[in-house]
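Each remark here refers to the structure printed beneath this line.
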Amino acid sequence: MTGHRVFRSHAATVVAASARSGYEEFTETFQLRLWLTGWVVRLVFQVLFFSLAGKYVEGDRLVTFILIGNVLGVIALEGSAIAPAAVTERYFGVLGLLVGTPGNHVLSVFARPSMRIVMGSCSSALVFLVLILVLDVPVPWPGSLAVFPILVVVSVTCYCYGCFVAAVVYRFSFLEPGSVNIAYLSVVLFAGVNVPVSFWPWPVRVMSDFLPVTHGLRAVRAIIAGALGTAVLAQIFFELLVGAAWIAVAYILLARWIDRDRRAGRIDLG
């Protein structure tokens, strides 16, 4: 029909609207007091446990190594929590509505849990501040302030990694019960959180370069050791590159699998 135009939302509009809807859902259950006295306290004790274990094994040097590693491990935990996102949208009937709209439904699914970026950044920053004071960890001043932007960068890359896991869980729903733990522990084991990457055999070391946290952790440890400059910037660049790769693969896979289910007429079937 002449003169008929199909309205399609721009990607930025879709992302902004979906992120806002996710934020509104999040604020319905989030309570600042419970977050500070429950979740953050739990994370502090988790990181403290591993740090003190390091002190018992080797002393203060290992305390700093494990403390910094587990602070970024907190971010990996927040990012991995996105894993059930796509399948959850399907179970609750939201995905069918998204697919029927003119906007980009894949971007919408991925944007809705984007509050995890904020939560990962805030949680890790608080844990870092509390424990460097409690354990009296020597940090360079004011150079250590550069740690906080890196925490945000790592939160973004872990979010991208979580989106990839969400796409896989959408296709293989039997993985959902253990998806968060599998995604989180894979990073904690192989990205250098508690064990140096050099400990692992060569194939695992290569794989670790493609995980989130690995390069961001190297950058943070370099800053704590007093180093600033191109080496740190290079690690930040590699961290962002890793995140971009994860979200690109996640987008391709989820778009393909959703389109397949739509053509088969089973988009609303969990």
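Which ³J(HN,Hα) values in Hz, rounded to whole numbers, follow from the phi angles of the range 230-247 under the Karplus curve 6.51 cos²θ - 1.76 cosθ + 1.60, where θ = phi - 60° and Gly and Pro get x?
So the Karplus estimates, Gly and Pro as x, are 5, 4, 5, 4, 5, 5, 5, 4, 5, 4, 5, 5, 4, x, 4, 5, 5, 6 Hz.
Any idea what the relative contact order of the chain is, in percent, if you count C-alpha pairs under 8 Å spaced at least 6 apart?
That works out to 25 percent.
With a 1.4 Å probe and all protein chains kept in place, how much accessible area does Met115 have, in Å² rounded to the nearest 10?
Accessible surface of Met115 is approximately 40 Å².
Of the candidates Arg256, Arg90, Arg116, which one comes out as most mobile in a Gaussian network treatment of the chain with C-alpha springs shorter than 10 Å?
Arg256
Expressed as a whole percentage, what fraction of the accessible surface of the chain belongs to carbon and sulfur atoms when a 1.4 Å probe is rolled over the protein heavy atoms?
The value for the chain is 69 percent carbon and sulfur by accessible area.
Whenever you get a sec, line up Asp261, Asp136, Asp209, Asp60 from highest to lowest accessible area (probe 1.4 Å, protein heavy atoms).
From most exposed to least exposed: Asp136, Asp60, Asp209, Asp261.
Can you pull out the chymotrypsin sites (Phe, Trp or Tyr not before Pro) in the range 1-110 that DSSP calls coil and that have at most 14 other Cβ atoms within 10 Å?
Those that pass, being in a loop and sparsely packed, are Phe7, Phe30, Phe92.
Please identify the chymotrypsin sites (Phe, Trp or Tyr not before Pro) of the range 175-270 that satisfy two criteria: DSSP loop assignment and at most 16 other Cβ atoms within 10 Å. Which are they?
Passing both the DSSP loop test and the Cβ count: Phe210.
What figure, in Å² to the nearest 10, do you get for the accessible area of Glu25 with a 1.4 Å probe and non-protein molecules left out?
100
For Ile252, what accessible surface area do you get with a 1.4 Å probe? Give it in Å², rounded to 10.
110
Give a residue-ordered list of calculated ³J(HN,Hα) values for the range 159-176 (Karplus: 6.51 cos²θ - 1.76 cosθ + 1.60, θ = phi - 60°; whole Hz; x for Gly, Pro).
Those phi angles translate into 4, 4, 4, x, 5, 4, 4, 4, 5, 5, 5, 4, 6, 10, 5, 5, 7, 4 Hz.
Taking θ as phi - 60°, what are the ³J(HN,Hα) couplings along the range 256-264 by the Karplus curve (6.51, -1.76, 1.60), each to the nearest whole Hz, with x for Gly and Pro?
5, 6, 5, 4, 5, 5, 5, 5, 7
The values are calculated or read from the model by the stated rules, or taken from the named source; none is laboratory data. Bear in mind that the values here come from a model prediction, so they are computed numbers and not experimental data. Every residue, glycine among them, receives a Cβ derived from its backbone with ideal geometry; neighbour counts consider all protein chains shown. The protein model used for the area step is the full one, side chains on, heavy atoms only, and it has no ligands, DNA or RNA in it. Shrake-Rupley method; radii C 1.70, N 1.55, O 1.52, S 1.80 Å.
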